[in-house]
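Rule-based calculations on the coordinates, nothing more; no lab input. Because the structure is a prediction, the values reported are computed rather than measured. Positions of Cβ are backbone-derived with ideal geometry, glycine not excepted, and every protein chain shown enters the neighbour counts.
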Amino acid sequence: MRLHKRKAVSKLDDEKTKVLRTNFRRIERREWWLWAAAFVITLLLTVALASFLLPSEHIHQDFYSQNVVPQAIRGLVGLVFLFDLYTIYQHLLIHRIRRELVEREELFHLISENAADMIAVVDMHGKRLFNSLSYQRVLGYSPEELQASSAFEQIHPDDRERVKKAADEAQRTGIGKTLEYRLRHKNGAWLVLESTSSVIRDAQGEPEKLVIVNRDVTERKRAEEALRRSEADFRSVVEDAPYGIYRASITGRILQVNPALRKMLGYESEEELLRKDLATDVFRHNGEYQRLTELLTRTEEITDLEMEWKRQDETPITVHCSCRRINDESGVPAYFEVFAEDVTEKRVLEKQLRMAQKMEAIGRLSGGIAHDFNNLLGVIIGYSRVLKKSLGESNALAEHAVEIEKAGQRAAAMTKQLLAFSRQQVMTPEVLNLNTLASDMEKMLPRLLGEDIEVSLELAPELGSVKADQSQIEQVIMNLAVNARDAMPAGGKLKIQTANAELDQSYTRHHPGSREGSYVLLTVTDTGTGMDAGTLTHIFEP
């Protein structure tokens, strides 16, 4: 509800009408006094004329008839002429005002009968004094039905008291109100009206009537409600979307984000993210932001665009984006909308898959070679044993047969590793304690590594058990130890450590493929030269 403010033209017309009505009432009163004054003046003139025509006896007859009588007659005629002119002027003025009032009344009826809005005049108690024809068209009531009812009867019960209070306040303050309320149609349906009222005052300036202009806004309200529901549905879709969505200005200022983008970038609140700059705080490389801006300047929509972003903690992420440019009414770019999907884990998994496929191909190749090699080794080992048995232990050549058999056994061990790599060797997982396994390896490693390399253990008490193939774990430790020996040609230290570890969500988020839970950590460290970045990328390759 707000105070009614009349437009300048309407206010001017109302002021003119008020002045006309006031002048008309004043002239009507003046017209009555005019006729009374005319009677009095005529009577006085008659008496005066008679007195002049009947002079006193002591005044000389010739002087009286020659001087006084003519002057008196001329004066009286002049007064009568002036009085007649004034009377004619007043009649013309009254006629003009009456004509203007009639014209204004006809104009009011013409406007009220053809206006789409409903116009009514009611007294301060709600009694209808006038209803425009639009009332019949909009509400379906006949003029008789409207005239016989109070203006408050068709108002919805929930709105009636509010409308009455507005009418009482208008009567008390003399200021009309604008408000919305529901009015019953003849068929029983409820229409929403926007009502504007103005106060008509009596001659004493007191509120006497209300001019009410009602506009049917039912369809507008329905459209607004439909728009509100549509906006709510759209907002729900945006806020619940699994993809990050943001809207940014042409200059790079973030205007709006959805919760998925906030989570993707690791911010606590959307307000915190809105204070950031896209080029420096979101894009990992400023050049990518400039490239995106240039692309959206040339075209309205971009799909399948992959970029590098960074989280709040500077962790890099890979995002797959679809972008579009939104123009204003004049066709000038207003802002950008970007839909982003975090594909960091997907890209890591794809890389791992490619590596696994490559390793699988190598494994199949090595497995085939190992099988063929095993067949040859079986012949070599078999013939070496036959040769050793044929020569006897006393023969000097028997030692050569033994060396041939040992070499064959070492080669067989190598083929076993190739078969394990190709996953063609049968695995026998069992429950193991890595502390026990590491202790057993400590006794054997010095003979393998040499005396210039010191081997030490740092084992965690109450270490959890694992289920694994013992030979595979031993082979892993052996390979790491041999690599460490090659990295320490002048000697050094080799340490084997065990510990219990818990992987949480934070760890798994940064290490795709891992799962939360309890694990055992096995660490082998050395004091060797280490690996450069190029070698480190091939650490899991054969």
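Odds and ends about this structure:
- Other residues with beta-carbon under 11 Å from the beta-carbon of Asp342 carry, at +1 per Lys or Arg and -1 per Asp or Glu, a net charge of +3.
- Environment charge of Pro316, counting only residues whose C-beta is closer than 15 Å and scoring Lys/Arg +1, Asp/Glu -1: -1
- Sorted by Cβ density within 10 Å, fewest first, the residues Leu139, Leu273: Leu273, Leu139
- Rounded to the nearest whole Hz, the Karplus-based 3J(HN,Hα) values (6.51 cos²θ - 1.76 cosθ + 1.60, θ = phi - 60°) of the range 502-519 follow the sequence 10, 9, 9, 5, 4, 5, 5, 5, 8, 10, x, x, 8, 10, 5, x, 8, 9, with x at glycine and proline.
- Close amide H partners of Gly528, meaning residues 5 or more places away or on another chain with modelled amide H under 5 Å apart, do not exist here.
- The range 115-222: relative contact order as a whole-number percent, Cα under 8 Å and 6+ apart: 28 percent
- 14 Å beta-carbon shell around Ala407, net charge (K/R +1, D/E -1): +1
- Each residue of the range 208-213 was assigned a 3J(HN,Hα) from its phi angle through the Karplus expression (A = 6.51, B = -1.76, C = 1.60, θ = phi - 60°), giving 10, 9, 10, 9, 10, 10 Hz with x at Gly and Pro.
- Distant-in-sequence amide contacts of Tyr335, defined by a placed amide H-H separation under 5 Å and a gap of 5 or more residues or a different chain, comprise Ile326.
- Global geometry of the range 430-536, whether rounded, prolate or oblate, following the gyration tensor of its Cα atoms and the 1.5 cut on a/c: oblate
- Footprinting exposure proxy ranking of Ile212, Ile381, fewest other C-beta atoms within 10 angstrom first, gives Ile381, Ile212.
- Protection-proxy order for peptides 473-479, 330-336, each taking the mean of Cβ atoms within 10 Å per residue, highest first: 473-479, 330-336
- Fewest-first ranking of Val455, Val257, using other Cβ atoms within 10 Å as the exposure measure: Val455, Val257
- Built amide H within the under 5 Å cut-off of Leu494, gap 5+: Glu454, Val455, Ser456
- Tensor-based shape of the range 241-342 (alpha-carbon gyration tensor, a/c under 1.5 rounded, otherwise prolate or oblate): prolate
- Relative contact order for the range 277-357: 22 percent, from Cα pairs under 8 Å spaced at least 6 residues apart, divided by residue count.
- The string of couplings for the range 93-99 from the Karplus curve (6.51, -1.76, 1.60, θ = phi - 60°) is 5, 4, 5, 5, 5, 4, 5 Hz, one whole number per residue in order, with x for Gly and Pro.
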